Amino acid sequence: MGYCIPVAKGAAETLKFNMALILLPVCRNTLTWLRSTRARKFVPFDDNINFHKTIAFAIAIGVAVHALTHLTCDFPLLINSSPEKFSLIASDFHNKKPTYTSLLTSIEGVTGILMVIFMFISFTLATHHFRRSQLRLPPPFSRLTGFNAFWYSHHLLAIVYILLILHGYFLYLTHQWYKKTTWMYIAVPLLLYIAERSLRTRRSAHYSVKIVKVSVLPGNVFSIIMYKPTGFKYKSGQYVFLQCPNISPFEWHPFSITSAPGDEYLSVHIRTVGDWTKELKRVFTEDYETLPLASDRATLGELVQMEQRRQPKLFLDGPYGAPAQDYQSYDVLLLIGLGIGATPFISILRNLINETRAIDEMESMTETTRSGDSSNSFTSSSLTPSGNKRTQRTTNAYFYWVTREPGSFEWFEGVLDQVAEMDHKGQIELHNYLTSVYEEGDARSTLITMIQALNHAKHGVDILSGTRVRTHFARPNWREVFTKIASKHRQSTVGVFYCGMPVLAKELKKLSLEMSHKTTTRFDFHKEYF
């Protein structure tokens, strides 16, 4: 038994350590606070979900090694041990040699088996194919796929932690309390997680929002504009969780904030890709006739008062930190959004426009001529619209929106138009790319390219996006994009923020590292997956 126990103990210690670590990435309030500290320079908070998955994989390996060592090594050696050897530990088993069945049905055995079962269910339903409903199972097994199955099964881990404490307390061969170390590993992270959940529950109860407007948009997207709850403050790029009691009192779903901190309202854009989002759209667009719906474009500052009678309840929790919230730390921004992945960057554009507008109004009122760099940047004022000292150093922004659906451009027509109209100094460049059309120069897209160019030259409006921003065809040549920015902004630090599918993230990260070494411009890559 001598060589089995060290293996089992080593796996157990690793398992307890990982069970403590896995709680940290889901403590969102703590992570949001840490993002505002210097820790963000050393800790890759953008990879908190990947870290969570990696630790889960390590836990699965630790559980397998620990359980198999007991079942195939420790137990057989114990029940087949000689009377002389068993007498050394007989007191731990009431002076009666256990059987294989009695070991499995003991507190140690039952808690261990239950933990393995619950972990297997939770981890399996959290895999990509189950969570994204990519598996087509016959009824009633079809309920095992989708976000709901993932969400509720993940809460089985709360039972796992209780069983883990019991499993670690009723140890064989260990009697001193200070050697029963399970609770020592998980106490602090578990208390932190419980405090997080309690805070979220209490805070969300106070953040029952009033809906101002719901807009139904092309591409299975709808937007919700709501009044800001009292005391609710956030940064551009952050996100919130929403809960609708009419659908479920337990489910919270994350959405990027698309309004700017200085706006009078709070807005989110939601794509109906799952059961919950489809039901939310139905609740707001079918069940409540008094709700003012609109398919027109959303512009900045537009508020439409809705009748509060019979309004469905909507609770809000947040805000929470995201990679894009650190955009103010860079000289230049490169914002890249795929489809609905443009949402966190719309808030940034709105905020930049609000600051530009505030500066223009200040200049027109004071009629004071600014000199030097302060006349060339939308961050030239030393004050924000609220009158506080500024820390932002950004001078230019490049926004690339890539989508397959022409109707997607209607989601933010008003914002794109206002950026193009108000950015007199050319510090914000907007680029729309439609990938469902043959690239420019291809004979099959020549006609539409000509019509588009003529219409844009004559009326200043793109026929595809309906905005002043001209739409390009096919995918951007990202190497050319990076090369152009590096040539234009030498000795600058460029924040590359990407939101979309994981496929493109690898290419952008590789280009960021390559161009940082080949040029005098430093590209700092951040990703967020939708």
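The values are calculated or read from the model by the stated rules, or taken from the named source; none is laboratory data. Everything numeric here is computed off the predicted structure, so don't read it as measured data. Positions of Cβ are generated from backbone atoms using ideal geometry, with glycine treated the same way; all protein chains shown enter the neighbour counts. When the accessible area is computed, the model is the full protein with side chains, heavy atoms only, and any ligands, DNA or RNA have been set aside. Shrake-Rupley method; radii C 1.70, N 1.55, O 1.52, S 1.80 Å.
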Q. Charges only on Cβ, +1 for Lys and Arg, -1 for Asp and Glu: so what's the dipole of the stretch 474-530 about the Cα centre, in debye to the nearest 20?
A. 160
Q: Kindly report, to the nearest 10 Å², the accessible surface of MET365 as traced by a 1.4 Å probe over protein heavy atoms only.
A: 150
**Q.** Debye, to nearest 20: dipole size of the stretch 178-279, +1 on Lys, Arg Cβ, -1 on Asp, Glu Cβ
**A.** 420
Q | Mean separation of Cα contacts under 8 Å (6+ apart) over length of the stretch 51-190, as relative contact order % | A | 20
(Q) I'd like the accessible area for LYS510: 1.4 Å probe, protein heavy atoms, all chains in place, Å² to the nearest 10. (A) 140
Q. Any idea what the dipole of the stretch 29-186 comes to, in debye rounded to 20, about its Cα centre with Lys/Arg Cβ at +1 and Asp/Glu Cβ at -1?
A. 580
Q: Quick one: accessible surface of PHE315, probe radius 1.4 Å, all protein chains present, in square angstrom to the nearest 10.
A: 40
Q. Kirkwood Rh, Cα Rg: Rg to Rh for the stretch 42-184?
A. 1.08
**Q.** Restraint check, LYS213/LYS281; LYS213/LYS313; LYS228/LYS278, Cα-Cα greater than 18 Å
**A.** LYS228/LYS278
